[in-house]
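See structure below.
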Amino acid sequence: ARHLLGIEPLHPVEITTLLDLADTYVDLNRQAVKHSDVLAGLTQINMFFEASTRTQASFELAGKRLGADVMNMAMQASSIKKGETLIDTALTLNAMHPDLLVVRHPNSGAVDLLAQKVNCAVLNAGDGRHEHPTQALLDALTIRRAKGRLHRLNVAICGDIAHSRVARSNILLLGKMENRVRLIGPPTLMPSEVRELGVEVFEDMREGLTGCDVVMMLRLQKERMDGGFIPSEREYYHRYGLDPEKLAYAKDDAIVMHPGPMNRGVEIDGILADDINRSVIQEQVEMGVAVRMAAMDLLARNLRAAATDGAA
Ligand code: CP
């Protein structure tokens with residue numbers, strides 16, 4: 001493929017190939033010298049129209065460790081502020097001949113639209129409520145390394161599903177790899193199309209967690225609730241916050257995940273989040289760099305193959 005816009009179009013074999021390559025980059029990242037030249041000579045531009053810590057930092061590190069020339073656009077200081085549109089911004093940057101564009105945008109579908117207007121490879125770093133493919137891939141790598149497999153697992157995704165691109169990409173990926181996904185949360189935070197997703201739905205946390213291998217917690221995305229129902233944090237933590245008592249309903253070796261940023265004491269108990277015997281939250285961050293290296297490496301191979309075909 002030319003772009004990585006979502007999990008939806010990916011075949012399970014492509015997912016496995018990417019995760020296998022990411023495993024090799026985990027090894028590289030743990031070495032004293034973290035460098036390869038696979039992206040040497042290529043230009044990567046990161047365009048984040050929405051706040052980010054993990055995704056932006058890891059895409060930047062990933063590009064630099066693979067030898068690309070990496071530029072971070074400060075979108076808050078760009079001509080977007082003067083009224084320039086997303087598409088005109090993309091066309092302007094496209095004229096500078098980048099090879100890889102990494103884009104995060106608050107509107108669902110904005111990254112797909114942008115990808116249709118440029119000549120380079122586009123990676124979706126999260127668009128609205130739609131998809132966050134590299135997050136689902138790094139979650140998959142974390143699960144595969146912790147559990148030794150990425151199939152026939154019971155995975156609970158808990159909390160604000162309705163506003164979560166992380167949930168959507170994970171539901172797609174975990175389903176493609178033949179896992180059983182359970183969504184747990186209040187009906188007000190379930191997406192309207194939940195019955196079409198091929199998942200089980202639970203309102204009660206203890207019931208939903210029973211027998212799970214993986215417990216994935218999500219943040220309440222208040223910035224996307226635009227005037228709708230916002231639960232009281234105290235009540236929410238009581239019913240849906242993950243603490244040791246609720247986790248005890250999952251399997252004894254169940255792992256605890258959170259894509260970050262997390263709100264301690266709202267969706268997860270802070271001590272549990274730091275418990276290295278149960279929580280893999282820091283491993284998720286580590287896998288994020290490796291997965292983004294693998295994604296850009298594979299897209300760069302496709303770019304080179306297309307250029308060779310074009311020249312032949
Ligand atoms: N998980 C995630 O996307 O985190 P950031 O918003 O910090 O990039």
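Remarks
- Residues located in the range 136-164, provided they are in contact with a strand residue (DSSP E or B) (Cβ under 9 Å, 6 or more places away or on another chain) and either part of a loop (DSSP other than H, G, I, E, B) or free of Cβ contacts under 8 Å to residues at least 40 places away in the same chain (or both): R152, L153, G159, I161, S164
- Helices (runs of 4 or more DSSP H) completely within the range 230-295 that count 3 or more residues being more than 16 Å from the ligand (Cβ to nearest atom), within 22 Å of F202 (Cα to Cα) and modelled with pLDDT of 95 or more: 233-240, 244-247
- Which listed residue, of A300, A306, is outside any loop (DSSP other than H, G, I, E, B), of a type in the set (A, V, I, L, M), at pLDDT below 95 and more than 16 Å from the ligand (Cβ to nearest atom): A306
- Qualifying residue in the range 172-181 (condition: within 16 Å of the ligand (Cβ to nearest atom), touching a residue at least 12 places away in the same chain (Cβ under 8 Å) and open to solvent by 30 Å² or more (accessible area, probe 1.4 Å)): no
The values are calculated or read from the model by the stated rules, or taken from the named source; none is laboratory data. All values reported here derive from a predicted model rather than from experimental measurement. Cβ sites come from the backbone with ideal geometry, for glycine too, and all protein chains shown count toward neighbours. Accessible surface areas use protein heavy atoms only, side chains included; no ligands, DNA or RNA. Shrake-Rupley method; radii C 1.70, N 1.55, O 1.52, S 1.80 Å.
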